[in-house]
Amino acid sequence: MLIFIFILGLLIGSFLNVVIYRLPRGESIVFPASHCPECGHQLGALELIPVVSYLFLQGKCRACASKIAVTYPLIELTTALIFVLNYLYLENLTVLLAGLIFSSLLIALTVIDYQKQILPDKLTLGGLIVGLFLAFFRSDLAMGQAILGLLAGGGFLLILAYLSKGGIGGGDIKMMAMVGSFAGPVIAVTAIFLAAVLALLFALPGIFKGKLQLKSKLPFGPFLAAASLLLWFWEDIFFHFYLNLFI
Ligand SMILES: [Zn+2]
């Protein structure tokens, strides 16, 4: 089962690569078939095997030998590992399904925001609808919790966006509403705090070296996604740690 989940993760990771490349460019996810972005060479079945094809082709297109970005196999591997974590932490099948979809959305959003500084509505609002729909079937999250999560995650960030006057984008707000619909209000709101801490830790070395100023624009989406996933798996550990700090 573990191997099955890992392979499923590789395949979904491969699909996420297509989403990540095509969605911000306004291209169809389904057509045309996967091809080299440099020469248009259409990939055959043997060139579409996650990770393996990349290694076999030594990171180059078979037709024009232009370099294939190492992010492709990395995203496939990351997705596979996060899928395995979901399997290990979530026993129940509907919860697992929610976890796999939630993780996939966060991975795609992270990379797209990092590369293009946008969080597409198709993933944030589309994901939100899926999150609400799944709440009908989940044993761990009632529909009320999902709706409360949506309002809390989106609403809290909306207030912060208003207070910070433009530091936080609409995409971030919609993304955290989506997170709330999958993970409930506690994780959604805590993730916003954790993301701010992660972003600060990430930016500190640059600020000290003078390369990065406090006002430098840093996409917040990847930090929100990382914080949401960390809490999705290790909410208990974080709360114990936090309580131990103060009590
Ligand atoms: Zn090529």
Task: Matching residues in the range 38-63 - criterion: being part of a loop (DSSP other than H, G, I, E, B), more than 8 Å from the ligand (Cβ to nearest atom) and either open to solvent by 40 Å² or more (accessible area, probe 1.4 Å) or of a type in the set (Gly, Ala, Ser) (or both) - done: Leu43, Gly44, Leu48, Ile49, Gln58, Gly59
Open item on the list: Of the conditions (1) under 22 Å from Phe83 (Cα atoms); (2) more than 14 Å from the chain's Cα centre (by Cα); (3) polar (S, T, N, Q), Ser164 satisfies every one except a single condition; which number is it?
Closed with: (1)
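Kindly indicate whether Val95 is without any contact (Cβ under 8 Å) to a residue 60 or more places away in the chain and either open to solvent by less than 60 Å² (accessible area, probe 1.4 Å) or within 16 Å of the ligand (Cβ to nearest atom) (or both).
yes
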Open item on the list: Among (1) among the hydroxyl-bearing types (Ser, Thr, Tyr); (2) within 16 Å of the ligand (Cβ to nearest atom); (3) open to solvent by 70 Å² or more (accessible area, probe 1.4 Å), there is one condition Ser66 misses while meeting the rest; what is its number?
Closed with: (3)
Task: Residues (under 23 Å from Leu93 (Cα atoms), assigned to a helix (DSSP H, G or I) and open to solvent by 70 Å² or more (accessible area, probe 1.4 Å)) located in the range 117-155 - done: Ile129, Phe133, Gln145, Ile147
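The values are calculated or read from the model by the stated rules, or taken from the named source; none is laboratory data. Everything numeric in this text was worked out from a predicted model, so none of it was measured. Positions of Cβ are generated from backbone atoms using ideal geometry, with glycine treated the same way; all protein chains shown enter the neighbour counts. Accessible surface areas use protein heavy atoms only, side chains included; no ligands, DNA or RNA. Shrake-Rupley method; radii C 1.70, N 1.55, O 1.52, S 1.80 Å.
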